[in-house]
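Encoded as structure tokens, the structure appears first; notes follow it.
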């Protein structure tokens with residue numbers, strides 16, 4: 001994933017933006033001279049990052065080449081054709097990268113971006129709380145400055161990969177006397193320090209991707225604040241906008257590259273560890289790719305009801321794909337993430353639900369059975385109990401509809417009674 005930095009912001013008036021053909025030719029030549037699957041994964045990624053081809057649409061001073069998003073996609077395509085392993089792009093690290101590139105200091109960029117791309121540092125996103133999920137601005141995790149450090153106390157929940165994360169993006173309340181959206185501050189926190197306790201949560205589909213985190217006098221030095229105090233809501237919106245933009249890409253995470261050699265072996269080992277929490281995400285999205293195959297295998301292909309259900313899913317999936325292309329086009333033009341991401345996220349939820357309904361029609365009662373007793377050894381059952389998460393993760397469907405109506409259609413905001421008064425005076429279901 002890349003940010004909205006384009007060549008326009010990284011070239012002088014005397015420089016011309018290269019065309020796609022020349023970029024493809026240059027990266028192919030570089031790969032022919034440098035790609036070696038017998039290198040270690042770390043050695044190869046460092047070489048790729050140092051060349052600027054790892055994240056070509058990032059600014060030149062921060063490991064990129066200042067290319068447009070479209071040209072960056074062309075570079076990625078050439079890497080795939082060569083079978084070359086890319087920089088680390090799994091998990092939430094790219095959300096951290098986008099946020100740091102847009103709001104971080106030079107110290108943040110120098111410290112975090114390189115090891116993020118090599119895969120040496122893993123990340124998690126600490127936003128949701130037991131009393132503030134969709135209403136993110138209602139969070140109550142405290143950040144109190146003691147004169148030297150920010151002291152954190154509180155709880156976060158539904159945090160993917162926190163159990164092996166080195167760093168976290170955390171949003172906390174630093175001022176209780178301001179309205180809810182103005183009293184929050186965004187920080188980068190060391191997850192391996194004392195005072196940070198991570199507890200895994202078991203899901204109904206058998207996986208344990210999420211965690212709850214407890215902060216007890218955890219410390220963050222002032223230089224790890226992102227942007228300024230009280231600007232946390234704006235920074236968080238950057239993270240969430242990129243999360244919605246990446247929602248479709250989550251489905252293809254963790255597949256790895258095919259080939260033989262040390263770099264491939266180490267990539268597979270990395271995926272087995274880092275990607276373990278995400279292996280059920282394709283099921284969460286409904287597994288549209290299995291519908292026709294399943295209809296044929298079960299003899300339901302000529303059932304008119306099943307055919308109609310599958311056709312409806314495929315139509316919606318294609319519409320969602322086009323929406324995704326609109327988002328990508330806006331990104332390529334350097335536009336900030338907007339309501340298009342919410343449209344895509346909402347469409348993905350609808351596709352997942354329709355796909356689950358179609359799988360149920362095809363499998364019948366077998367869809368309720370798990371393990372080897374169920375359809376596709378229980379995979380269909382896993383789809384059915386995983387799909388509801390698609391309408392929750394990254395902002396509920398209701399939140400996406402609000403964003404679309406208010407920011408996309410210009411409709412008036414819903415009446416609120418909790419936005420213009422000090423947060424400490426706002427009724428809530430937790431004690432601040």
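Just to be sure before I move on: is residue 181 more than 18 Å from residue 145 (Cβ to Cβ) and part of a loop (DSSP other than H, G, I, E, B) in the structure I sent?
So residue 181 fits the description; yes.
Residues are listed down the side, and each one gets a yes or a no for (1) assigned to a loop (DSSP other than H, G, I, E, B); (2) within 20 Å of the chain's Cα centre (by Cα):
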| position | (1), (2) |
| --- | --- |
| 94 | no, yes |
| 99 | no, yes |
| 114 | no, yes |
| 124 | no, yes |
| 140 | yes, no |
| 144 | no, no |
| 148 | yes, no |
| 153 | no, no |
| 158 | yes, yes |
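Just one of (1) in contact with a helix residue (DSSP H, G or I) (Cβ under 7 Å, 6 or more places away or on another chain); (2) buried (at least 17 other Cβ atoms within 10 Å of the Cβ); (3) at pLDDT 95 or above trips up residue 111, so point out which.
(1)
Could you please let me know if residue 136 is crowded, with 19+ Cβ neighbours inside 10 Å and either at pLDDT below 95 or under 14 Å from the mean Cα position of the chain (by Cα) (or both)?
Considered against the rule, which asks whether it is crowded, with 19+ Cβ neighbours inside 10 Å and either at pLDDT below 95 or under 14 Å from the mean Cα position of the chain (by Cα) (or both), residue 136 comes out as yes.
Give the residue, chosen from 192, 212, 197, that is assigned to a strand (DSSP E or B), free of Cβ contacts under 8 Å to residues at least 40 places away in the same chain and assigned by TED's automatic domain parsing to the domain that holds residue 134.
Values: 192 fails: assigned to a strand (DSSP E or B); 212 fails: free of Cβ contacts under 8 Å to residues at least 40 places away in the same chain.
Within the list 192, 212, 197, the selection yields 197.
Where residues in the range 247-275 are within 15 Å of residue 43 (Cβ to Cβ) and in contact with a helix residue (DSSP H, G or I) (Cβ under 8 Å, 6 or more places away or on another chain), which of them is modelled with the lowest pLDDT?
270
Just to be sure I understand the filter: pairs with C-beta atoms under 8 Å, separated by 6 or more residues or on different chains, first member in the range 253-281 and farther than 20 Å from residue 92 by Cα, second member outside any helix (DSSP H, G or I) and modelled with pLDDT under 80. Which pairs pass?
264/256; 264/257; 264/258
For residue 146, are the conditions met, namely being surrounded by fewer than 20 Cβ atoms within 10 Å (Cβ to Cβ) and touching a strand residue (DSSP E or B) at 6+ places or on another chain (Cβ under 7 Å)?
For residue 146, the condition - surrounded by fewer than 20 Cβ atoms within 10 Å (Cβ to Cβ) and touching a strand residue (DSSP E or B) at 6+ places or on another chain (Cβ under 7 Å) - is not met.
Need a quick list: helices (runs of 4 or more DSSP H) entirely within the range 291-376 having at least 1 residues that are out of contact with any helix residue (DSSP H, G or I) (no Cβ under 7 Å at 6 or more places or on another chain) and surrounded by fewer than 21 Cβ atoms within 10 Å (Cβ to Cβ). Explain how you work it out, then say what you get.
On the way: elements: 291-297, 304-332, 339-363.
Filter on the range 291-376 gives 291-297, 304-332.
The values are calculated or read from the model by the stated rules, or taken from the named source; none is laboratory data. Please read these numbers as outputs of a predicted model, since none were measured by experiment. Cβ: placed from backbone, ideal geometry, glycine included. Neighbour counts: every protein chain shown.
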